[in-house]
Amino acid sequence: MELILTRILLATDGSADATVATRVAVDLSTRSGAELHVVHVWRLPHFYPEAAITPRSAAQYQESYERQARVLLAEQVRSMEADGATVTQAHLKMGSPTDEIITLGENLEASLIAVGSRGLG
């Protein structure tokens, strides 16, 4: 059975493992002509009830984390394009990385989802 790649979803967090997955996804996309989509999923840290987090400070944390996530995703896409890759679309998601990556992969009807490592979870 031959696998025909039409759409590749690369999940990145900027780590060394993600860099390896990026090289593979870019190479496969270039060779096959498949669309290359890139996703970064971010989440807020868990706060303990004892922490003095007000709704305003929680909103500030969220803005800060989202801004950092946008910068990371933009840097990853810029780096790939500088290396000659064509990124069809960049996606920024908030939530559980596993759930968000799988859901986006299904919605895009991705032929392949590339990740560097699932970490310790």
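Laboratory data are not the source of any read-out in this text; all were calculated from the coordinates shown. In this text, all values refer to a predicted model and were calculated from it rather than measured experimentally.
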Seminar exercise, completed: For the chain, one quarter of the surface area of the C-alpha convex hull, expressed in nm², comes to 8.8 nm²
Exercise. Under the rule of -39500 (n - 2.57) per DSSP H run of 4 or more residues, summed and divided by the residues of the chain, what mean residue ellipticity at 222 nm is obtained, to the nearest 500 deg cm²/dmol?
Worked result: -16000 deg cm²/dmol
Problem set entry | 5 angstrom amide H check on residue 42, placed H, neighbours 5+ away | 93, 94, 95
Problem set entry | Calculated Rg and Dmax of region 60-121 using C-alpha coordinates, Å | 13.2, 38
For this session: Would you mind checking which residues have amide H under 5 Å from residue 112's amide H? H placed 1.01 Å from N; only 5 or more apart, or other chain.
Result: 7, 9
